[in-house]
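A short worksheet on the structure shown next.
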Amino acid sequence: MLKQIVFFIIITSLNIPLLLSQQENADIRRGTREYKSENFQEAELNFRKALEANPQNTKALYNLANALYKQGRYEEAANILEGLAYKELSESKKADVFHNLGNANIGSQQIQEGIEAYKNALRIRPEDNDTRHNLAYALQLLQEQEQQQQQEGDDQQDNQQQDDQQPGDPDEKQQQQDRPRPDQISPQDAERILDALNQQEQEIQQKIEREEKQRQPLRPERQW
């Protein structure tokens, strides 16, 4: 009887890792099904259950980051993916990690970090068209951000110059005297001004339409 009990304990102890592994994989499968059904919160819960059994499960970590990204929790997703980038992964999976890390960084407005992530992905997999597309998109965002910062700096400088100018400044008085009064503008001049304004408005609208066509959203995150 004692031998049977000991034998049962030994067999059970040997099967525990296998049972845990089976449960871990089952949680990941459930999480993946929920993810594909766009039930991202449920997917997150299942991936976290898998990680309770094995915190080092790279597939559960990766899929959890994707579920967080889909919920708009970009910084949390990026933190997980940054950790995954240093783990032992195949070249293809590491490229996926950097691609998704770039997306998460862009989502949290960390544009420069997103650019570096895409570059790292392309160093591993240079033929990846989706990553190249996202890199171009991120570079465009960075350029627009720099232009906006430059414009804000110029506006601030102009406002400072206006504040420094005194109300009784002779130049300001002269400028006011030089401005034509409405009753001094002829109908022909008024029509020319209106035409110029209409032309300017059309050019601005055309520029906006060109930019919208050039700007395409990020290509989707990679799944395992």
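The values are calculated or read from the model by the stated rules, or taken from the named source; none is laboratory data. Predicted model, so just to flag it, every value in this text is computed and none were measured. Here Cβ is always computed from backbone atoms with ideal geometry, including for glycine, and neighbour counts include all displayed protein chains.
Summary of values
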read-out: Selection from the range 86-101 of residues that are farther than 12 Å from residue 66 by Cα and surrounded by 15 or more Cβ atoms within 10 Å (Cβ to Cβ); value: 89, 93, 94, 95, 98
read-out: Search result, residues across the range 30-47 that are among the basic types (Lys, Arg) and either surrounded by 16 or more Cβ atoms within 10 Å (Cβ to Cβ) or within 10 Å of residue 60 (Cα to Cα) (or both); value: 30
read-out: Single residue of 125, 132, 73 found to be touching a Ser or Thr at 6+ places or on another chain (Cβ under 8 Å) and more than 15 Å from residue 223 (Cβ to Cβ); value: 125
read-out: Residue within the range 131-146 that is exposed (fewer than 10 other Cβ atoms within 10 Å of the Cβ) and either modelled with pLDDT of 70 or more or in a helix (DSSP H, G or I) (or both) present; value: no
read-out: Filter result for the condition that a residue is farther than 19 Å from residue 220 by Cβ and touching a residue at least 12 places away in the same chain (Cβ under 8 Å), over 68, 89; value: 89
read-out: Residues (among the small types (Gly, Ala, Ser) and either touching a residue at least 40 places away in the same chain (Cβ under 8 Å) or closer than 17 Å to residue 115 by Cα (or both)) located in the range 71-83; value: 77, 78
